[in-house]
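**Student:** My questions will all concern the structure given below.
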Amino acid sequence: MLKEYEVKNVYMGRLPYGADLIEELTEIVKEKKIKAGKVTVIGAVKQGVISFYDQEEQEYYDEIFDEKLEIANCTGNISLKDAKPMIHAHISFGNEKGEMFGGHLSSGTIIFAGEYIIEEFAGEPFKRGLDKVTGLTLWE
Amino acid sequence: MLKEYEVKNVYMGRLPYGADLIEELTEIVKEKKIKAGKVTVIGAVKQGVISFYDQEEQEYYDEIFDEKLEIANCTGNISLKDAKPMIHAHISFGNEKGEMFGGHLSSGTIIFAGEYIIEEFAGEPFKRGLDKVTGLTLWE
Amino acid sequence: MLKEYEVKNVYMGRLPYGADLIEELTEIVKEKKIKAGKVTVIGAVKQGVISFYDQEEQEYYDEIFDEKLEIANCTGNISLKDAKPMIHAHISFGNEKGEMFGGHLSSGTIIFAGEYIIEEFAGEPFKRGLDKVTGLTLWE
């Protein structure tokens, strides 16, 4: 199941100190009305929150890392959920020893410094709906 | 040693539950006849297999992670090997505690849920051939 | 704070054995006069050096990993610093057990094998200047 796109616009920008990473990115994407695309971020956070999806219980569990961390990588995609632009992103963090933690990016990840690149794709956007096999809201 | 390209097409899609990650991606790329490009994936797996290249012995060794894992990041490139499209990808996984494992993506990595973006580049594709210094099949 | 771009060119290439990763990438970007863009690398290194930014002391501290490592991911952006193209990249490594280390990519990371993709963006480049809140040179 795939859709074809063209690159429409690219946005680069700096994220505000103290903001929530996924909420801030989602704001930008909604403001620019981006319905399909890709998101990449590097930077550092004051606190990181990731989620792990328990494939058997079909529940997300949060892990809160209450420490200063580098964002080693953050990669996401943009599609529609309930007719609104939604970013699904995964992230990996490195601490002061370089040890890493990673998973699904969740709210509560607070920006110290962040630089993003958003690539906007032109074409029919994917819409998310409940997938019965996995319990996730996947592309239909 | 570099080559210049233009972005031709972008594909976004959902990977099937239970399929082998690198084999499934390779199928898509072969079907679409993509000879140069970039691959990005996020999602989760039922099992992960990565390889580490021993730079002295010049051999790949597999590490099998027989557990549910998030795909924190998966990044690959597309070129030709033996005249066929080939994806070289590296991957990093996060477990339920957020602990990470990463390396060269190998067969045996089984998709729970996966969302990919493939960017197809127009231009002369790279071809892989044996590099005597490293023992790897690199771009010639 | 964001700027809008179009994708101008894409470069794929192979990095030379034994070279310094960030210095080599920076050379390419300077030679091609790329002032805005994105960098992605996969491969392996003979030694890795990452930096962690202490957000309170506002100092970078290096961590040297004197071992053979896979580059699980390396993601960077291109902008101008002191009127010259500058790459800001973060990297994550996997060792022979798949254990990962990651942070800000620093000099001293020595290439065993590396394949990069550089996307050049057309548009007004960001310039870096001292940010008083974080002590970092951020986009102005």
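The values are calculated or read from the model by the stated rules, or taken from the named source; none is laboratory data. Computed from a predicted model, the values in this text were never measured in an experiment. With ideal geometry, Cβ positions are generated from the backbone for all residues, glycine too; neighbour counts draw on all protein chains shown. What goes into the accessible areas is simple: the full protein's heavy atoms, side chains included, and nothing from ligands, DNA or RNA. Shrake-Rupley method; radii C 1.70, N 1.55, O 1.52, S 1.80 Å.
**Student:** B:Glu96 label points, 7 Å along Cα→Cβ, one per copy: pairwise distances from this copy to the rest in nm, shortest first?
**Tutor:** Label-point distances to the other copies, shortest first: 3.0, 3.0 nm.
**Student:** Carbon and sulfur: what percent of region B:22-140's accessible surface (1.4 Å probe)? List each step's numbers first, then the result.
**Tutor:** Working: 2100 of 4590 Å².
Within region B:22-140, the accessible surface is 46 percent carbon and sulfur.
**Student:** What stretch of chain C, leaving out the sites themselves, is the longest with no trypsin sites (Lys or Arg not before Pro) in a DSSP loop having at most 13 other Cβ atoms within 10 Å? Working shown, then result.
**Tutor:** Numbers: sites that count: C:Lys33, C:Lys97, C:Lys132.
The longest uninterrupted stretch comes out as C:34-96.
**Student:** What's the whole-number percent of alpha carbon pairs in chain C lying beyond 20 angstrom?
**Tutor:** I get 48 percent for the Cα pairs in chain C exceeding 20 Å.
**Student:** Mind checking the alpha-carbon convex hull of the protein assembly as shown and giving the volume per residue in Å³? Could the numbers behind the result be given before it?
**Tutor:** On the way: hull volume 50.2 nm³, N = 420.
Here the figure is 120 Å³ per residue.
**Student:** Around B:Met12, with a cut-off of 14 angstrom between Cβ atoms, what is the net charge of the other residues, counting Lys and Arg +1 and Asp and Glu -1?
**Tutor:** Details: positive: A:Lys3, A:Lys8, A:Lys35, A:Lys38, A:Lys127, A:Arg128, B:Arg14, B:Lys32, B:Lys38; negative: A:Glu4, A:Glu6, A:Glu119, A:Glu120, A:Glu124, A:Glu140, B:Glu115, B:Glu119, B:Glu120.
Local net charge: 0.
**Student:** Related question: List the distances, in nm to one decimal, from the label point of B:Lys30 to the label points of the same position in every other copy, shortest first, placing each label point 7 Å from Cα along the Cα-to-Cβ direction.
**Tutor:** Once sorted, the set of distances for B:Lys30 reads 4.4, 4.4 nm.
**Student:** Is the shape of region C:23-87 rounded, prolate or oblate, going by the alpha carbon gyration tensor and its root eigenvalues a ≥ b ≥ c, with a/c under 1.5 for rounded and a/b larger than b/c for prolate? Write out the running numbers ahead of the final one.
**Tutor:** Numbers: a/c = 2.32, a/b = 1.22, b/c = 1.89.
Since a/c reaches 1.5 but b/c is at least a/b, the shape of region C:23-87 is classed as oblate.
**Student:** Taking the convex hull of the Cα atoms, report for region C:80-140 its projected area averaged over all directions, in nm².
**Tutor:** Numbers: hull surface 25.1 nm².
So the Cα hull casts an average projection of 6.3 nm².
**Student:** Which whole number gives the average, over all residues in C:78-89, of C-beta atoms from other chains lying within 10 Å of the residue C-beta?
**Tutor:** Details: counts 2, 2, 0, 0, 0, 0, 0, 0, 0, 0, 3, 1.
Per residue, the number of nearby Cβ atoms from other chains is 1 on average.
**Student:** Further, regarding this structure: Compare the Cα positions of A:Ser92, A:Gln58, A:Leu25 along the charge dipole of chain A (+1 at Cβ of Lys, Arg; -1 at Cβ of Asp, Glu; about the Cα centre) and return the one farthest towards the positive end.
**Tutor:** Checking the options against the dipole of chain A, the answer is A:Leu25.
**Student:** State, to one decimal in nm and shortest first, how far the label point of B:Arg128 sits from each corresponding label point in the other identical copies (label point: 7 angstrom along Cα-to-Cβ).
**Tutor:** Label-point distances to the other copies, shortest first: 3.3, 3.3 nm.
**Student:** Follow-up. Quick one: putting +1 on the C-beta of Lys and Arg, -1 on the C-beta of Asp and Glu, what dipole do you get for the protein assembly as shown around its Cα centre, in Debye to the nearest 20? Let's see the in-between values first.
**Tutor:** Working: 48 positive and 75 negative charges, 405 e Å.
In debye, rounded to 20, the protein assembly as shown gives about 1940.
**Student:** Another question, if that's okay. Starting from the Cα of A:Lys35, draw a straight line to each of the aspartates and glutamates and keep only those under 15 Å, dropping any in the same chain fewer than 8 residues away.
**Tutor:** The qualifying aspartates and glutamates are A:Glu4, A:Glu6, A:Glu27, A:Asp82, A:Glu119, A:Glu120, A:Glu124, A:Glu140.
**Student:** Among B:Gly13, A:Ala36, A:Ala122, whose Cα projects farthest towards the positive end of the dipole of the protein assembly as shown, with charges put on the beta-carbon of Lys, Arg (+1) and Asp, Glu (-1)?
**Tutor:** Result: A:Ala122.
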